[in-house]
1. Does the range 84-174 come out rounded, prolate or oblate by the C-alpha gyration tensor, with a ≥ b ≥ c the root eigenvalues, rounded set by a/c under 1.5 and, if not, prolate when a/b is larger than b/c and oblate if not?
2. Between the range 67-120 and the range 240-280, how many Å separate their Cα centres?
3. Classify the range 208-250 as rounded, prolate or oblate, taking a ≥ b ≥ c as the square roots of the eigenvalues of its Cα gyration tensor: rounded when a/c is under 1.5, otherwise prolate if a/b is larger than b/c and oblate if not.
4. Out of 42, 156, 261, any idea which swings most in a Gaussian network model of the chain, alpha carbons joined below 10 Å?
5. Taking springs between alpha-carbon atoms closer than 10 angstrom, which of 157, 46, 126 fluctuates most in the Gaussian network model of the chain?
6. Under the Kirkwood approximation for Rh and a Cα-based Rg, what ratio Rg/Rh is obtained for the chain?
7. Can you pull the Kirkwood radius for the range 173-256, inverse mean 1/r over Cα pairs, to one decimal in Å?
8. For the chain, what is the charge dipole size about the Cα centre, in debye to the nearest 20, if Lys and Arg each add +1 at the Cβ and Asp and Glu each add -1 at the Cβ?
Amino acid sequence: MMPWKRTVVIVLAVAAASCSKKSEEAPAAEEKWPAHGLTEAQANEVLAKVGDRTITVGEFADRLASQSPYLRARFEGPERRREFLDNFVRFELLVYEAKRRGYADTPEITRARRNAMIQQLVTREVDEPLEGKAITDEEIQAVYDRNPTEFDRAAQVRASHIFIKDRARASKVLARATAGDLPNFRKLARDESEDEKTKENSGDLQFFEADAEQPPAAIRDAAFSLDKVGAVYPKLVDEGGGYHIVMLTGKRAELKRTYEQAKRAIRHRLTRERKDAAMEALTKRLREEIEVEVDYDALKDIEVDTPEFPQAQ
């Protein structure tokens, strides 16, 4: 199939959902004629049949009109409209065959249909009512004024480490790490580290602040004592039943955010909080209207196999 034809099939799938939604929103009796240059009688004429599925001229016109202006322009000529109709029929053939094989009732399709229904419910009951309630600058300013330092960021460093339980071997690896560069350190971490959780990622500990919970304080102190990215802490760090070799791999300076710099983040937070509150209110109302019974005690009978993860050093 040519690329643009594949695009049409995908677009038809999207248009199918769109037209279905439109038909739910507005009964056919409310349609005004002529529409798309068609009278009501012309729109109701049968254009094609696929199994027990009937495609009318009006439905085809609706599908065509729902495309982007660029695609609509491509289907002005009769030949291109035939191609659009052929793709429409191809799409319906696939739908018909999928239904005939029972795919419409598979757990995956059922779950997707349920998710689509939920999304439409949330759009109607939560998103659309909130559209007319924009977050004001006054609300944003009030959040910022309550705690301006909340939006600052403390200094951060990024480090990698090599963990070895034997001190003598750790000392030898430290000498090799100190004499090399970052690629050398990464290779040493993959080859020599006994911390299975980080060795495959070259010992990377990501960015952290001085008072973070992880990595352990001794490693944090060693990393923050280094000034130059690529520097290796000159001593072994005794922590967690072994010895750590620590390299500084990144630095982020402390950041003091002004109101203007924090404004976008605050707006996103307030928007999210507003939606969360609306979802909570919807759920609460539904629980009051619909009978719900939950047996939490039954959870204890469920057995789930979980992998054993090594403890962080």
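1. oblate
2. So the two Cα centres are separated by 42 Å.
3. oblate
4. 42
5. Highest fluctuation of the listed residues: 46.
6. With Rh from the inverse mean 1/r over Cα pairs, Rg/Rh is 1.15.
7. 13.2
8. Magnitude of the dipole: close to 1520 debye.
Here, each number is a calculation from the coordinates, and none is a lab measurement. Given the structure is predicted, the values throughout are model-derived calculations rather than measurements. All Cβ positions, glycine included, derive from the backbone under ideal geometry; neighbour counts span all protein chains shown.
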